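Novice: Okay, here's the structure, questions in a sec.
The values are calculated or read from the model by the stated rules, or taken from the named source; none is laboratory data. The structure presented is a predicted model; accordingly, all values stated were derived computationally and were not measured. Positions of Cβ are backbone-derived with ideal geometry, glycine not excepted, and every protein chain shown enters the neighbour counts.
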Amino acid sequence: MKTIRETIVNRLRESVEPSIRYSILYYIDREDPTSSKMQKLQEEIRTSARVNSLLSNAEGVYKKWQGVHWVLNLFAELHYPPKDVSLSPLRDQEFVLLRIRLITLSPLNKIYRIK
């Protein structure tokens, strides 16, 4: 007889969401992330409806839950494939904002300076 845990894990293995299947293989089965099976799943993740929806709704950099910052953060959690150059424009938007935020406030003249 299967345990509740086994039943749940088996249902997650059959998920239509590739990031869930990837997570089960990675965290439960300890599958090598460089294996062809995992690479194939990452490609499924990259072209998934969830990723497309997140990309199409990305507005601004820090708009709550929809901005570029949040989209990139979610991609990491979804196991989006690393080093995808198609995300470079999003990364660049984030870096520009981070650079602007790396401002120091001079206590003497209260002038913001961009480093």
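Novice: For segment 1-18, what are the residues that are assigned to a loop (DSSP other than H, G, I, E, B) and surrounded by fewer than 14 Cβ atoms within 10 Å (Cβ to Cβ)? Spell out how you get there, then give the answer.
Specialist: The first filter runs over segment 1-18 and keeps only residues assigned to a loop (DSSP other than H, G, I, E, B), leaving 1-3, 14-17.
Matches in segment 1-18: M1, K2, T3, E14, S15, V16.
Condition check ((1) surrounded by 14 or more Cβ atoms within 10 Å (Cβ to Cβ); (2) part of a helix (DSSP H, G or I); (3) at pLDDT below 95; (4) out of contact with any strand residue (DSSP E or B) (no Cβ under 9 Å at 6 or more places or on another chain)) across all residues:
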{"residue": "I20", "(1), (2), (3), (4)": "yes, yes, no, yes"}
{"residue": "I24", "(1), (2), (3), (4)": "yes, yes, no, yes"}
{"residue": "R30", "(1), (2), (3), (4)": "no, no, no, yes"}
{"residue": "K40", "(1), (2), (3), (4)": "no, yes, no, yes"}
{"residue": "E44", "(1), (2), (3), (4)": "yes, yes, no, yes"}
{"residue": "L72", "(1), (2), (3), (4)": "yes, yes, yes, yes"}
{"residue": "H79", "(1), (2), (3), (4)": "yes, no, no, yes"}
{"residue": "P89", "(1), (2), (3), (4)": "no, yes, yes, yes"}
{"residue": "V96", "(1), (2), (3), (4)": "no, yes, yes, yes"}
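Novice: OK, next. Would you pick out the residues in segment 3-56 that are without any contact (Cβ under 8 Å) to a residue 12 or more places away in the chain and acidic (D, E)?
Specialist: Those that are without any contact (Cβ under 8 Å) to a residue 12 or more places away in the chain and acidic (D, E): E6, E14, D29, E31, D32.
Novice: Pairs only if they're at least six apart or on different chains, beta carbon under 8 angstrom, first in segment 72-85 and at positive phi, second at pLDDT 95 or above and surrounded by 10 or more Cβ atoms within 10 Å (Cβ to Cβ); list them, first residue then second.
Specialist: H79/S19; H79/Y22; H79/S23; H79/Y26; H79/L41; H79/Q42; H79/I45
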